[in-house]
Amino acid sequence: GVCIFRANNRISGISEEQLGPFASLETLDLSSNKIVEIKTSSFPALPLMNRFLCNNRISSLESGWSTNLASTLQVLELSHNRISNIPARSFQLPNLQHDLSRNQIRRVEGLTFQDLPTLRSLKLQKNRLSGLMDGAFFGLGNMEVRQLGFNNLTEVSKGWLYGLGALQQLHLEHNTISRIQPETWKCCQKLSKSNLSSNHLSRLEESSFDGLSLLDELHVGNNRVSFIAGGAFRGLSNLQMDLQNNEISWTIEDMNGPFSALERMKTFLQGNQIRSVTKKSFSGLDELDLNNNGIMSIQANAFSQMKNLQECLNTSSLLCDCQLKWLPIWVEEQSFLPCVNASCAHPQMLKGRSVFLVRQEEFVDFPKPKITVQPETQSALKGTNVTFVCSAASSSDSPMTFAWKKDNEVLNDAEIHNQAHLRVQGDAGSETEVTEYTTTLQLRNVEFSNEGKYQCVISNHFGSSYSSKARLTVNLPSFTKTPMDLTIRAGAMARLECAATGHPSPQIAWQKDGGTDFPAARERRMHVMPEDDVFFIAGVKTEDIGVYSCTAQNTAGVISANATLTVLDSPLVVTERHFFAAANQLLIIVDAAEVDAGKYTCEMSNALGTERGNVRLAVLPNPNCDSGVQSGAGNVMGSGSGADDDGWTTVGIVIIAVVCCVVGTSLVWVVIIYHTRRRNEDCSVTNT
């Protein structure tokens, strides 16, 4: 095959006429020239396998430029150009190995590389990438290595990783990544190496590496990591991890072993801010590098599972207090002495001396704070005030600092009160004075957002002490279902619903008119279905009429909701004084009497439902007759009292008229119309 090498010239363009005569051209090297664009007409149909165009001035690729090279081109180098945009389907080259590094690409759209099914490596490092759209690399089902370092990416998400099922190495170093989204690795679980160093990560959550069971090399050095969730490395049993030069301190000093889910892990933690080591800090690790941390205190048996302590104990900043007495004895028993370099920095009289040369009586009292009063878990009513108290003692006069955390986040604007006082400890004759410090966190008018775990951190020059985490529960119960007013015929089944949620779960109780002893309960016609949140009264009677209250109560408080139950006594029937007109839309009562007083209900029904309207009739004494009465009904239109010349007394007809305008089943008006007439024979009946 023919090869053309024209690198390091001043060629500014490629044309079909120039390349046409070279029918057997396989390799074309035009790197380090002045080519500015690639056009559709640039390449004739040639058996071109290798094309080198790096270090030119190419800024655009015209759509369809690769059509004539689709069957042969295998190597394409476009690094060190000025490409800023890649049109979709720009690379219809199924046999390609690709290098697009060192360009000015800012964004990759979805399906850009879908025509490269055999591509195994794609280099896009040192561009200006800030946007990778969902499906940006879909179609690269055989890709094994992705180079995306030295760009401006801000997060890792499954959207732009979709389709990379064969990916083994992902390089994302030197970006501005601050977040790894949940379920990110669902599409590429064959990943064995991931480089996230030199980014802006501050937290490693439980979901940060979820599903990467084959991951054996992880680089997260030179970030801002200060928080590591307890299960962040669960399932990564063979991992070697670089966490150097982050901001790790409390997540190691206070946590119950963020590496405990691992089996044979080697971790580099040098250059962090770890000052104290607990007995569970590094459980799960085989080897460990803790150089350049300034470790001052080590709890007993902190390295009991460690196989290699050579790097782990290369420290010269130890606080040689009573809590460190165990270390030289244990190290000597384990035969680690020849490979451990650990010396004291405090107290001053032991500064620079190897911890293995310090006599047991020379270890000093505890200058580092020691928690003496732990904050207590509490449950509070919404709107009340809550106080957490935490105390620590120290034999040092070193200045003390105090902080409170909620759910592992420092409360910077909290209301905190601190005080110090001297306390005497020890037996008679060997008493010593220690300073005890108390810090109080005040939460006022608490809301549900205040719920969480609270912890105090008390520090001085010799290190920090962390209290236990006290949980605050702020939870007045809240209704999820409330009872509704109900009007029902006598003998039917009444159904009232009520449900509530809260922590702890509230208890539901029912009352009638403020009491718990009511007819339905006594006569065993009441049924409560707690699983269905339903309260039934079977065979309702008029004595069941009343206000029913549902109460929900837990340790945080009690809430209630009311509903009125109305029972209709038997339906009205036609009598000498009661009759209906206008297709039952008018109820007429002649010669109204006291027995007619009460609430009248009109019920309208069709296939779509039922509507009811109520009106109340009051029958009042007639002031014009000693033995008579006067009836009145709600909105009475006029007065029926007085006497005419003919001597007739008032005789009334009560007409309850239901004037209906039906849209669907809506009852629009309930109107009371009345009519009076007089007659003097009878003054015993009042008419309205």
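With respect to Cys344, determine if the residue is modelled with pLDDT of 85 or more and either part of a loop (DSSP other than H, G, I, E, B) or touching a helix residue (DSSP H, G or I) at 6+ places or on another chain (Cβ under 9 Å) (or both). Steps first, answer last, please.
Numbers: modelled with pLDDT of 85 or more: yes; either part of a loop (DSSP other than H, G, I, E, B) or touching a helix residue (DSSP H, G or I) at 6+ places or on another chain (Cβ under 9 Å) (or both): yes.
Yes.
Scan (1) at pLDDT 90 or above; (2) over 30 Å from Gln378 (Cα atoms) for the single condition Gly514 breaks and write down its number.
Tallying (1) at pLDDT 90 or above; (2) over 30 Å from Gln378 (Cα atoms), Gly514 fails exactly one: (1).
From the list Leu53, Leu46, Leu25, Leu30, exactly one residue is surrounded by 15 or more Cβ atoms within 10 Å (Cβ to Cβ) and modelled with pLDDT under 85. Which is it?
The conditions single out Leu46.
Applying the selection to the stretch 472-488, what residues are surrounded by 14 or more Cβ atoms within 10 Å (Cβ to Cβ) and either among the hydrophobic types (A, V, I, L, M, F, W, C) or within 18 Å of Val446 (Cα to Cα) (or both)?
Once the filter is applied, which keeps residues that are surrounded by 14 or more Cβ atoms within 10 Å (Cβ to Cβ) and either among the hydrophobic types (A, V, I, L, M, F, W, C) or within 18 Å of Val446 (Cα to Cα) (or both), the stretch 472-488 yields Leu472, Thr473, Val474, Asn475, Leu476, Pro477, Phe479, Leu486, Ile488.
Could you say which residue among Val386, Val364 is within 18 Å of Ile295 (Cα to Cα) and either touching an Asp or Glu at 6+ places or on another chain (Cβ under 8 Å) or crowded, with 17+ Cβ neighbours inside 10 Å (or both)?
When all the criteria are applied, what remains is Val364.
Quick check on the stretch 13-46: of everything there that is acidic (Asp, Glu) and part of a helix (DSSP H, G or I), which residue is farthest from Arg102 (Cα to Cα)? Show your work before the answer.
Keep residues of the stretch 13-46 that are acidic (Asp, Glu), which gives 16-17, 26, 29, 37.
Then keep just the ones that are part of a helix (DSSP H, G or I); that gives 16-17.
Numbers: Glu16: 27, Glu17: 30 Å.
The residue in question is Glu17.
Please report, ordered by residue number, the strands (runs of 3 or more DSSP E) entirely within the stretch 503-582 with at least 2 residues that are of a type in the set (S, T, N, Q) and in contact (Cβ under 8 Å) with a residue 24 or more places away in the chain.
Output list reads 507-512, 546-554, 557-568.
Name the pairs whose Cβ atoms lie under 9 Å apart, with the first residue in the stretch 226-239 and aromatic (Phe, Trp, Tyr), the second assigned to a strand (DSSP E or B) and modelled with pLDDT of 85 or more, and 6 or more positions between them or separate chains?
Phe227/Arg203; Phe227/Leu204; Phe227/Glu409; Phe233/Leu204; Phe233/Leu218; Phe233/Met241
Is it true that some residue in the stretch 65-77 is within 25 Å of Thr154 (Cβ to Cβ), in contact (Cβ under 8 Å) with a residue 12 or more places away in the chain and hydrophobic (A, V, I, L, M, F, W, C)? Give the derivation first.
Here is the first cut: in the stretch 65-77, the residues within 25 Å of Thr154 (Cβ to Cβ) are none.
So far as the stretch 65-77 goes, no, none of its residues is within 25 Å of Thr154 (Cβ to Cβ), in contact (Cβ under 8 Å) with a residue 12 or more places away in the chain and hydrophobic (A, V, I, L, M, F, W, C).
Which of the residues that make up the stretch 79-98 are farther than 14 Å from Leu116 by Cβ and either at pLDDT 80 or above or over 44 Å from the mean Cα position of the chain (by Cα) (or both)?
Ser79, His80, Asn81, Arg82, Ile83, Ser84, Asn85
Restricting the search to the stretch 213-240, which residues are small (Gly, Ala, Ser) and surrounded by 20 or more Cβ atoms within 10 Å (Cβ to Cβ)? Don't jump to the end; show me each part of the working.
So the first thing to find is which residues in the stretch 213-240 are small (Gly, Ala, Ser), and the list is 213, 221, 226, 229-232, 235, 237.
Gly221, Ala232 - these are the residues of the stretch 213-240 that are small (Gly, Ala, Ser) and surrounded by 20 or more Cβ atoms within 10 Å (Cβ to Cβ).
Out of Gly491, Gly463, Gly514, I need the residue that is on the phi > 0 side of the Ramachandran plot and surrounded by 13 or more Cβ atoms within 10 Å (Cβ to Cβ). Which one?
Gly463
With respect to Gln18, determine if the residue is in contact with a helix residue (DSSP H, G or I) (Cβ under 7 Å, 6 or more places away or on another chain) and not hydroxyl-bearing (Ser, Thr, Tyr).
In short, no.
Restricting attention to the stretch 483-502, which residues are of a type outside the set (Gly, Ala, Ser), assigned to a loop (DSSP other than H, G, I, E, B) and farther than 29 Å from Pro571 by Cβ? Outline the logic, then answer.
Of the stretch 483-502, the ones of a type outside the set (Gly, Ala, Ser) are 483-489, 493, 495-498, 501.
Okay, now just the ones that are also assigned to a loop (DSSP other than H, G, I, E, B), so 483-485, 493, 498.
Cys498 - this is the single residue of the stretch 483-502 that is of a type outside the set (Gly, Ala, Ser), assigned to a loop (DSSP other than H, G, I, E, B) and farther than 29 Å from Pro571 by Cβ.
The values are calculated or read from the model by the stated rules, or taken from the named source; none is laboratory data. As the structure is a prediction and not an experimental result, all values here were calculated from the model. Glycine also receives a Cβ, built like all others from the backbone with ideal geometry; neighbour counts cover every protein chain displayed.
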